[in-house]
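Nothing in this text is a laboratory measurement; each read-out follows from the coordinates by a stated rule. In this text the structure is predicted, and so the values were computed from the model without any measurement. All Cβ positions, glycine included, derive from the backbone under ideal geometry; neighbour counts span all protein chains shown.
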Amino acid sequence: MTVVTANLGFPRIGKHRELKFALEAYWSGKSDAKTLLDVAQKLRAENWALQKKAGIDIIPSNDFSLYDHVLDTAVMVGAVPEIYGWKGGPVGLDTYFAMARGAEGEGHGDCGHAHHHGLAQGVPALEMTKWFDTNYHYMVPEVVEDQAFGLTSAKPLEHFIEAKALGIHTRPVLLGPVTFLKLAKARGSAFKPLDLLPRLLPVYVELLRQLEEAGADWVQVDEPIAVLDLTEGERHSFTTSYGELARAVPGLNIMLASYFGAPADNLSTLAVLPVAGLHVDLVRAPEQFSDVLAAVPADKILSLGVIDGRNIWRADLAAILERLEPVVATRKNLQIAPSCSLLHVPIDLELETALDAELKTWLAFAAQKLAELATLGTALVEGRDVVAETIAAASQAVAARAVSPKVKDVAVQARLAGVDEAMQQRQSAFTERRSRQAQSLALPLFPTTTIGSFPQTPDVRKARSAHAKGALSDLQYDTFIEKETEAAIRWQEEIGLDVLVHGEFERNDMVQYFGEQLAGFAFTQHAWVQSYGSRYVRPPIIFGDVSRPQPMTVRWWAYAQSLTEKPVKGMLTGPVTILNWSFVRDDQPRSETCRQIALAIRNEVNDLEKAGAAMIQIDEAALREGLPLRQKDWASYLDWAVESFRLCASGVGDDTQVHTHMCYSEFNDIIGAIAAMDADVISIETSRSKMELLDAFRNYDYPNEIGPGVYDIHSPRVPEIGEMTELLSLARDRLSDRQLWVNPDCGLKTRKWDEVRPALVNMVAAARQLRAAA
Ligand code: GLN
Ligand code: ZN
């Protein structure tokens, strides 16, 4: 029997976030490069040892990264844009981090020693974007039309050798050339980065030869774009690339890894590539199993991704074995693996000492997933009997979860079953609502507002952590938050904003704050996953039917409104965003969980209205980013996403103005859905696009009101009045005056008051200039 277990990648951050702290110490100048690199090396050694101890046969190397594996690849092939001042040779740490985070000139900011290393001018970071449909973000490589590539980093080789010295023969992981170029952005002129493939391949050839010389027999080459909609030409790039690599380095075996879905229409291309193995994701796309078995020739090694690398649930080992055993009986050359790299799950469940004991038995993090994989491997090779107890325990946990009263709430299910069309429909159409709201709210033309949060100053953070530790009583904490809120209200009145916000000082995070108050959600202490670089998040775990035991925000809204005659917006996070930023149940469709959250938020919306809120904002920052990878799946996602939003927003009267907010998005793809959400007002991030994002709204004849961001909140720079009137006039070219609101791009929680104050004063002045001239 020839079934071996393989892992595709392990989280880099360390059980106790060691990498984050080491990076931040280095960036702040508190430690040196050697200290940072030592921590990194220690983490790698720990990770390899953990995987070996778990009994995994094939252990990856080069899955580690100081910041991001796509950035590592860019740096490795010499795709370093000119502005970073790289002169060839190995790319130093400071150049690497300048690409990751930007660098200030003259030694300011958090890259304090930049100018000692030749970065005399401030430079911006590369763009960052989401890695497929995960919440991991990668740095977008930039290439120019006459891009020269060259092998400039020995990292894959060094890490292979490093592991070998520890007695572990690894399978190095590389980001594939096709995916790398497909994700890259053309700079300077319009061309397709994929056309640079012939120039890039020699770098891969050189690298593979070096690895082979160092003793590697296999490499894992990740090509996740294989699960996307591809053009004929893009598909052909696979044939070209792997034909060339196989020809040039025939002695090294390639495991081509697809994940996050099925190759589907790309499968026939992948199946016949001259590579030794193919990995497929049978968790996200279980239905492809028979197609894959039929398409992939029997002499190729098939790696079956059967343990969920994207979610935190304990696997039903017996059910997986049911599927695998018949295949193992008839086919040689099988590997079993997680569906994708374990980068996307927390490291070790054992660290969770405060989690509900029963819930804990339902979960598996990276370390536990590897143990599951090892059990499966043993069962397949030596028979189930050898690991009967472990399999039975897993079955038991799965069965207990299925019937647990913690999961099921009959009241929620009854309420969901009773949802009808009318509950998703505002009382009147937008035009009718608009005239009623115009009357009751009596706002000026170009009303000014902000997106919700004000600076989370060190004082606010200190108070929150003191409260969490018990050093600050509930009363003391609430008094502190009231003081902050009052100051924010007074200040907003003073500078003349038309619609105020309470400032969100009481919120740790726009999803966590709600999750902590909703039934069906659990929170962890140490279950961090990398969002980008040194930023890690602890997504809530939605394990049961969701309901809202009591009001979550009314108190803070009411307090803020009691201080002013101006309208204060109620401020909520929408159901789709809460869903997309959480670990979700795998025992019911996402759509169903989303509707449950929508009903819970609907209660809050209705309570805010009852308390007197005339405006309620429901943020859907993550609506666009939840779009499925394949276009054919978009419509059904958007259907239930829009329906969920409408469900939570439609319980209010016509006089109540519903706002929503979306961060930077490609709105063309979803403009129909945005219109169908039917929010009275939407604020969006637009300032950096010179209002071009509004074209989608203009072309659609979008009827409702819009606040296109006129102030880039991602930058500490204070925009001048003139810049904002300029942007507003670009907006007026596209939309009618009666539609337009004036607001920043997004919430201001990450900014400092010194930046926010003058910027908002200028923003109000810009709106007034416009009004005077209109
Ligand atoms: N109301 C939130 C805030 O201002 C919205 C943030 C977001 O959508 N990213 O912080
Ligand atoms: Zn935003």
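Once you reduce region 57-84 and region 505-554 to the center of their Cα atoms, the two points are 31 Å from each other.
Helical content alone sets the calculated 222 nm signal of the chain at -13000 deg cm²/dmol, taking -39,500 (n - 2.57) per DSSP H segment of four or more residues and averaging over every residue.
The relative contact order of the chain comes to 11 percent, based on Cα pairs under 8 Å that sit 6 or more residues apart. What FRET efficiency comes out for the pair residue 493/residue 395, r = Cβ-Cβ distance, R0 = 45 Å, nearest 0.05? The calculated FRET efficiency here is 0.15. Note on residue 295 and residue 690: the extension gain reaches 137.4 nm, defined as 0.36 nm multiplied by sequence separation minus the Cα-Cα distance.
Residue ranges 341-350, 761-770 sort as 341-350, 761-770 when ordered by packing (mean number of other C-beta atoms within 10 Å per residue, highest first). What shape does region 269-373 have by the C-alpha gyration tensor, where a ≥ b ≥ c are the square roots of the eigenvalues, rounded means a/c under 1.5, and otherwise prolate means a/b greater than b/c and oblate the rest? In terms of gyration-tensor shape, prolate. Using Cβ point charges alone (K and R +1, D and E -1), the dipole size of region 538-620 about the Cα centre works out to roughly 160 debye. Note that region 154-222 shows a convex hull volume over its alpha carbon atoms of 86 Å³ per residue. Roughly speaking, what is the centre-to-centre gap between region 419-434 and region 727-763 when only Cα atoms are used, to the nearest Å? Centre-to-centre distance over Cα atoms comes out at 29 Å. Available extension along the chain between residue 265 and residue 676 is 144.8 nm, counting 0.36 nm per residue and deducting the alpha carbon span.
Its Cα centre serving as origin, the chain has a Cβ charge dipole (Lys and Arg +1, Asp and Glu -1) of approximately 680 debye. The percentage of C-alpha pairs in region 490-554 whose separation is greater than 19 Å is 51%. The fraction of all Cα pairs in region 701-774 landing in successive 10 Å bins from 0 to the largest distance is 20, 52, 25, 4, given as whole percents. With neighbours defined as other Cβ atoms within 10 Å of a residue's Cβ, the residues 700, 26 order from fewest to most as 700, 26.
In terms of its alpha-carbon gyration tensor, region 546-694 comes out oblate; a/c meets the 1.5 threshold, while b/c is at least as large as a/b.
Be a star and scan region 322-364 for residues whose amide nitrogen sits under 15 Å from the point 7 Å along the Cα-to-Cβ vector of residue 381. It comes to 333-337, nothing else. Net length available on complete extension from residue 272 to residue 331 is 19.5 nm, with 0.36 nm assigned per residue and the Cα-Cα distance removed.
Assuming charge only on the beta carbon of Lys and Arg (+1) and of Asp and Glu (-1), the dipole of region 257-397 about its Cα centre is about 400 debye to the nearest 20. Of the peptides 569-578, 468-477, the ranking by mean beta-carbon count within 10 Å, highest at the top, reads 569-578, 468-477.
Sorting the segments 376-382, 208-214 by their residues' average number of neighbouring beta-carbon atoms within 10 angstrom, most packed first, yields 376-382, 208-214.
Sequentially through region 698-707, phi angles give Karplus couplings (6.51, -1.76, 1.60; θ = phi - 60°) of 5, 4, 8, 6, 4, x, 7, 8, 9, x Hz, Gly and Pro residues having no value and appearing as x. Along its first, second and third principal axes, ordered by size, region 575-660 spans 42, 24, 17 Å in Cα coordinates.
To the nearest ten degrees, helix 634-649 and the longest principal axis of the Cα atoms of the chain are 40 degrees apart. Of the residues 579, 527, 290, the one whose Cα sits farthest toward the positive end of the charge dipole of the chain, with +1 on the Cβ of Lys and Arg and -1 on the Cβ of Asp and Glu, is 527.
When region 20-104 is described by a simple charge dipole with +1 on each Lys and Arg Cβ and -1 on each Asp and Glu Cβ, the residue from 45, 96, 65 located farthest towards its positive end is 45. The ellipsoid that matches the Cα gyration tensor of the chain has semi-axes, each √(5λ) in whole angstrom, of 44, 32, 26, with the longest given first. 3J(HN,Hα) along region 750-757, derived from phi through the Karplus expression 6.51 cos²θ - 1.76 cosθ + 1.60 where θ = phi - 60°, amounts to 8, 8, 9, 4, 4, 8, 5, 4 Hz, with x in place of Gly and Pro. Debye-formula intensities of region 691-742, expressed as log10 I(q)/I(0) at q = 0.16, 0.25 Å⁻¹, are -0.46, -0.96 (one equal scatterer per alpha-carbon, no solvent). Placing unit charges on each Cβ (+1 for Lys and Arg, -1 for Asp and Glu) gives region 436-522 a dipole about its Cα centre, and among 441, 465, 500 the Cα reaching farthest toward its positive end belongs to 465. Once the Cβ-Cβ distance of residue 129 and residue 25 is raised to the sixth power relative to R0 = 30 Å, the FRET efficiency obtained is 0.65.
With an a/c value of 1.5 or above and a/b larger than b/c for the gyration tensor axes a ≥ b ≥ c computed over the alpha-carbon atoms, region 115-209 is described as prolate. Extent along the principal axes, Cα only, for region 1-106: 61, 30, 18 Å, with the longest axis given first. Each residue, residue 402 and residue 354, gets one label point 7 Å from its Cα in the Cβ direction; the gap between the two is 3.3 nm.
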